[in-house]
């Protein structure tokens with residue numbers, strides 16, 4: 001291991017390691033106590049497979065949304081509105097939290113969507129300083145079409161997007177006791193569901 005990576009500690013929000021080997025990571029929790037969490041080769045493979053599945057899904061999403069004339073963040077905005085808990089609207093502040101964006105970025109995103117007729121603003125009945133952002137009929141229609149495509153793709157990628165099952169120190173079995181379900185495809189996609197992102201191009 002390169003010397004510069006030795007004798008450092010991984011804390012929440014820090015990108016640093018304290019380890020004798022790449023597979024021995026000292027995790028420091030909020031209480032300051034450290035514990036060794038060894039990773040097996042299977043764990044690294046599971047992480048890589050899961051990360052690949054996420055990226056593959058995001059690429060599918062980006063290309064599908066653009067094929068329908070929207071930017072990816074616009075689809076996420078519409079989904080955040082329709083999927084907001086227990087109501088059909090949200091404030092800009094709530095959307096900023098949901099989308100993990102800065103307030104001014106969400107304002108501009110809403111402005112563009114409003115110009116395209118996808119969302120509209122309405123007065124907030126309980127807060128004169130805030131406004132409600134709602135889907136229009138056109139926005140809901142295109143969201144419904146796109147969400148159906150995303151749901152179907154998630155069904156096809158179910159195994160690839162399944163959270164990893166962590167192994168014990170010897171790498172024999174998952175820590176939680178659940179049986180391994182290895183795929184004969186190194187990407188984590190079962191052969192019965194084989195489809196690449198190229199299937200959706202053009």
Going through the stretch 49-72 in order, the residues found to be surrounded by fewer than 17 Cβ atoms within 10 Å (Cβ to Cβ) and over 24 Å from residue 162 (Cα atoms) are 66, 67, 68, 69, 71
Among residues of the stretch 99-128, those that are crowded, with 18+ Cβ neighbours inside 10 Å and either within 14 Å of residue 143 (Cβ to Cβ) or in contact with a strand residue (DSSP E or B) (Cβ under 8 Å, 6 or more places away or on another chain) (or both), counted:
4
Condition met for residue 93 (touching a helix residue (DSSP H, G or I) at 6+ places or on another chain (Cβ under 9 Å), farther than 22 Å from residue 61 by Cβ and either loosely packed, with under 14 Cβ neighbours inside 10 Å or in contact (Cβ under 8 Å) with a residue 24 or more places away in the chain (or both))
yes
Out of the residues in the stretch 88-124 that are under 23 Å from the mean Cα position of the chain (by Cα) and not in a helix (DSSP H, G or I), which is farthest from residue 144 (Cα to Cα)?
102
Taking the stretch 55-87 only, how many residues are touching a residue at least 24 places away in the same chain (Cβ under 8 Å), assigned to a helix (DSSP H, G or I) and under 17 Å from residue 136 (Cβ atoms)?
7
Residue 141 in contact with a strand residue (DSSP E or B) (Cβ under 8 Å, 6 or more places away or on another chain) and either in a loop (DSSP other than H, G, I, E, B) or exposed (fewer than 13 other Cβ atoms within 10 Å of the Cβ) (or both)
no
Give the residues of the stretch 148-162 that are under 15 Å from the mean Cα position of the chain (by Cα) and outside any loop (DSSP other than H, G, I, E, B), sorted by residue number.
150, 151, 153, 154
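With the requirement that a residue be touching a residue at least 24 places away in the same chain (Cβ under 8 Å) and not in a strand (DSSP E or B), what does the stretch 128-138 give you? Break it down into steps so the answer makes sense when it comes.
Keep residues of the stretch 128-138 that are touching a residue at least 24 places away in the same chain (Cβ under 8 Å), which gives 130-135.
130, the sole residue that qualifies.
Taken together, the values in this text are just the output of simple stated rules run on the coordinates, not laboratory data. Note that the structure is predicted; figures quoted are calculated from it, not measured. Methodologically, a virtual Cβ is constructed for each residue, glycine included, from the backbone with ideal geometry; neighbour enumeration extends over all protein chains shown.
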